[in-house]
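Chemist: The structure follows.
Values in this text are rule-based calculations from the coordinates and carry no lab data. Everything numeric in this text was worked out from a predicted model, so none of it was measured. Here the Cβ is made from the backbone with ideal geometry for all residues, glycine too, and neighbour counts use every protein chain on show.
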Amino acid sequence: MATRLRAAGAGRSCTVIGGSGFLGQHMVEQLLAKGYSVNVFDIHKRFESDQVTFFLGDLCDKEALLPALRGVAVVFHCASPAPASDNRELFYRVNFTGTKAVIEACREAGVQKLVLTSSASVVFEGTDIKNGSEDLPYAQKPIDYYTETKILQEKEVLSANDPDNNFFTTAIRPHGIFGPRDPQLVPILVQAARSGKMKFIIGDGKNLVDFTYVENVVHGHILAAEKLHKGSALCGKAFHITNDEPIPFWTFMSRILTGLDYDPPKYHIPYWLAYYLALLLSLLLALLRPLVTIKATFTPMRVALAGTFHYYSCERAKRAMGYSPVVSLDEAIARTVQSYPGLRRARA
Ligand SMILES: NC(=O)C1=CN([C@@H]2O[C@H](COP(=O)(O)OP(=O)(O)OC[C@H]3O[C@@H](n4cnc5c(N)ncnc54)[C@H](OP(=O)(O)O)[C@@H]3O)[C@@H](O)[C@H]2O)C=CC1
Ligand SMILES: CC(C)=CCC[C@@H](C)[C@H]1CC[C@H]2C3=C(CC[C@]12C)[C@@]1(C)CCC(=O)C[C@@H]1CC3
């Protein structure tokens, strides 16, 4: 590994924590394409590559992290339990306690830059956000444990910024990441369509939201790593990274569905009715959990995301790191639909 690090140049050596995941794999691919030497640290190894050094382990274990961080200049931390897991203990352990272990390991290993994948949802409380800036306060009442722990995670990383000791941190807040190999947007949408749950538009269908193509998210992370240094505007700050093309939520869903030959939703259900039905269902499933575990398609968080405005300004990223999306929304939707032949509706 030391040879590879030297070959890439010390400044272009990195470790992607969560590199086996959806965003992580795209991150690894683009970093390699840019000539970075890349380590992956993940609890699972989900792909083979002779260009990558894999370190398998739990990011909550600092001793397991250290070998993967020694000699690298940049750490991208994009690991998290899946939002749908809804497991409070797991979220706290990985996103809060685990992130503190990542910070300690970075400091001990002499890593200079830590780029966290946070989430624009850290300011979302289920009510409209229109062109929200990074100055919005953290959600006082996060809708779910995932969001609650992403807030704690971001606070830990940004407060760890320590320029006097050559340790620089920043957080990237994507929103609604989609693209090839996404495990939690298109597959869940198609599953809902296949089970006949995609007949209703929640609300009036005019709520604009941000969906961000995965390659744009990666581009934002790499730009951040390259612009993060002593005295830069990135130190200890968070940045929205979106496609900068807010789109009605149900227009986006319909374009993915029709692109895969499914019928788009056409009836309307009032937002308040959908939200309270989802809340009632979530309470019922919580009561039944000791007996049976049932995953709801329409959780309160998903209904809130489906029925409210939530799009964000990425002006701060444009100014501080020269960010602009590299793939347009139209092109991104086309590529995404094309990448899921197995999810296309089978014609009789
Ligand atoms: N998807 C989206 O729309 C958005 C995602 N984000 C953030 O982007 C990041 C990446 O998300 P995404 O790629 O979708 O998620 P994935 O679940 O696809 O990838 C996360 C990776 O981290 C791994 N991981 C989980 N826990 C641990 C652990 N304790 N130790 C080591 N590795 C672990 C996962 O393994 P395993 O699969 O076994 O759990 C997985 O390989 C996350 O931080 C998420 O919060 C932010 C905004 C939007
Ligand atoms: C209403 C419904 C069942 C829509 C199907 C698609 C949803 C599964 C996605 C639509 C918006 C997505 C989203 C996320 C997960 C998947 C959706 C709810 C996140 C919660 C993933 C993690 C984040 O950090 C924020 C994302 C917001 C958008």
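Chemist: Suppose we filter V115, V94 for residues that are within 15 Å of ligand 2 (Cβ to nearest atom) and either crowded, with 20+ Cβ neighbours inside 10 Å or within 20 Å of M27 (Cα to Cα) (or both); which single one remains?
Modeler: When all the criteria are applied, what remains is V94.
Chemist: Do we have G236 as loosely packed, with under 14 Cβ neighbours inside 10 Å and in contact (Cβ under 8 Å) with a residue 60 or more places away in the chain here?
Modeler: It is false that G236 is loosely packed, with under 14 Cβ neighbours inside 10 Å and in contact (Cβ under 8 Å) with a residue 60 or more places away in the chain.
Chemist: Still on this structure, I have one more. List the pairs whose first member sits in segment 14-41 and is in contact (Cβ under 8 Å) with a residue 60 or more places away in the chain and over 22 Å from T242 (Cα atoms), whose second member is in a helix (DSSP H, G or I) and away from ligand 2 (no atom under 16 Å from the Cβ), and whose Cβ atoms are under 6 Å apart, counting only residues at least 6 apart or on separate chains?
Modeler: T15/A68; T15/L69
Chemist: Cβ-Cβ under 6 Å, sequence separation 6+ or interchain: first residue in segment 82-102 and among the small types (G, A, S), partner near ligand 1 (Cβ under 9 Å from one of its atoms). Which pairs?
Modeler: Close Cβ pairs satisfying both conditions: G98/L59; G98/C60; A101/C60.
Chemist: Another question about this same structure. Would you please name the residue that is farthest from N166 (Cα to Cα), looking only at residues in segment 11-47 that are more than 15 Å from ligand 1 (Cβ to nearest atom) and among the charged types (D, E, K, R)?
Modeler: The qualifying residue farthest from N166 (Cα to Cα) is K34.
Chemist: Among the listed residues R93, R70, identify the single one that is within 12 Å of ligand 1 (Cβ to nearest atom) and of a type in the set (K, R).
Modeler: R93
Chemist: What is the one condition in (1) farther than 28 Å from A33 by Cα; (2) polar (S, T, N, Q); (3) part of a loop (DSSP other than H, G, I, E, B) that N95 does not satisfy?
Modeler: All conditions pass for N95, except number (3).
Chemist: When only residues in segment 287-306 that are loosely packed, with under 15 Cβ neighbours inside 10 Å and of a type in the set (D, E, K, R) count, which is nearest to L185 (Cα to Cα)?
Modeler: If we take residues in segment 287-306 being loosely packed, with under 15 Cβ neighbours inside 10 Å and of a type in the set (D, E, K, R), then K295 is nearest to L185 (Cα to Cα).
Chemist: Now a separate question. Restricting attention to segment 209-222, and to residues there that are more than 13 Å from ligand 2 (Cβ to nearest atom) and of a type outside the set (D, E, K, R), which single residue is nearest to G322 (Cα to Cα)?
Modeler: Among them, the one singled out is G220.
Chemist: Please find, within segment 97-112, the residue that is farthest from V214 (Cα to Cα) out of those that are surrounded by fewer than 23 Cβ atoms within 10 Å (Cβ to Cβ) and either in contact with a Ser or Thr (Cβ under 7 Å, 6 or more places away or on another chain) or not β-branched (V, I, T) (or both).
Modeler: It comes out as E108.
Chemist: Say we look at segment 209-266 and pick out the residues that are outside any loop (DSSP other than H, G, I, E, B) and polar (S, T, N, Q); which of these is farthest from E134 (Cα to Cα)?
Modeler: Across segment 209-266, the extreme among qualifying residues is T258.
Chemist: Now for a separate question. Can you name the residue in segment 175-196 that is more than 7 Å from ligand 2 (Cβ to nearest atom) and assigned to a loop (DSSP other than H, G, I, E, B) and, of all such residues, is farthest from C78 (Cα to Cα)?
Modeler: Applying the filter and picking the extreme gives G196.
Chemist: In addition: So which residues in segment 50-88 are over 19 Å from P183 (Cα atoms), surrounded by 15 or more Cβ atoms within 10 Å (Cβ to Cβ) and polar (S, T, N, Q)?
Modeler: Correct list: T53 only.
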